[in-house]
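Undergrad: Before we start, here is the structure in question, set down as structure tokens.
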Amino acid sequence: MTTTKMNQKSAVYAAVTSVLKEHGIVFEDGLNISGVMTRELRGAVNAILVEGFRAGGIELDREYTESELKAYVSGLQSNWLRKDKRFNGGTQYVAKNPGSRAGSGDSMLKNLRALRSTLSDPSDIAEVDGHIASRIAELNVSKVQTTVDFSALPADLQAKFKK
């Protein structure tokens with residue numbers, strides 16, 4: 001017999017609604033509960049989720065140490081409290097800083113950003129910002145790998161651009 005695991009979104013929803021009910025807080029889907037979730041309530045939700053992961057009842061793609069799991073669960077709860085329309089007043093989630101993770105895996109970009117954080121001279125910061133912008137543009141261009149079927153182009157363009 002195979003046991004099905006609960007997905008993380010459902011687990012957060014179940015844990016939050018359970019904790020709210022346990023504390024006598026009336027909840028209906030679509031309410032904005034950001035003001036209701038105290039440190040104590042969030043801690044109770046985290047405890048339920050950690051136990052669910054430990055027991056294997058919630059989907060998890062890799063192993064975590066105890067401290068990593070607690071940090072993961074805290075972020076997971078925050079994520080779904082913001083994004084789940086049942087918790088955020090029914091609004092569509094919009095990232096505050098879209099693209100802020102652009103190039104986060106690129107060593108050169110990481111080091112440029114680290115260098116920028118050490119600078120105080122506005123002209124030095126502007127110079128490094130220029131390099132950061134160039135590197136992000138370079139990374140974005142390398143993502144778009146367009147292949148051109150030169151045989152489908154007019155003859156003059158085939159001759160000019162075919163390599």
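A short reminder: the numbers here are calculations on the coordinates, not readings from a lab. On a predicted model such as this, the values are computed, not experimentally measured, just so you know. For neighbour counting, all protein chains shown are included, and Cβ atoms are generated from backbone atoms with ideal geometry for every residue, glycine included.
Undergrad: Pick from Thr65, Thr38, Thr91: which is most flexible by mean-square fluctuation in a GNM of the chain where alpha carbon atoms under 10 Å apart are linked?
TA: Thr65
Undergrad: In square nanometres, what is the average projected area of the Cα convex hull of the chain? Working shown, then result.
TA: Numbers: hull surface 74.4 nm².
Computed as one quarter of the Cα hull surface, the answer is 18.6 nm².
Undergrad: Please identify, among Leu81, Leu119, Leu69, the residue showing maximal mean-square fluctuation in a Gaussian network model of the chain using a 10 angstrom Cα cutoff.
TA: Comparing Leu81, Leu119, Leu69 in the GNM, the peak value goes to Leu119.
Undergrad: Please identify, among Val12, Val50, Val128, the residue showing maximal mean-square fluctuation in a Gaussian network model of the chain using a 10 angstrom Cα cutoff.
TA: In this elastic network of the chain, the residue with the biggest mean-square fluctuation among Val12, Val50, Val128 is Val128.
Undergrad: Quick check for me: using +1 on Lys/Arg Cβ and -1 on Asp/Glu Cβ, what's the dipole size of the chain about its Cα centre, in debye to the nearest 20?
TA: For this selection, approximately 240 debye.
Undergrad: Counting other Cβ atoms within 10 Å, which GluC sites (Glu not before Pro) in the range 13-66 have at most 11 and lie in a DSSP loop?
TA: Loop-located and lightly packed - Glu28, Glu63.
Undergrad: Sticking with this structure for a sec: Counting helices only, and only those DSSP H runs with n ≥ 4, report the 222 nm mean residue ellipticity of the chain as the sum of -39,500 (n - 2.57) divided by its residues, in deg cm²/dmol to the nearest 500.
TA: -18500 deg cm²/dmol
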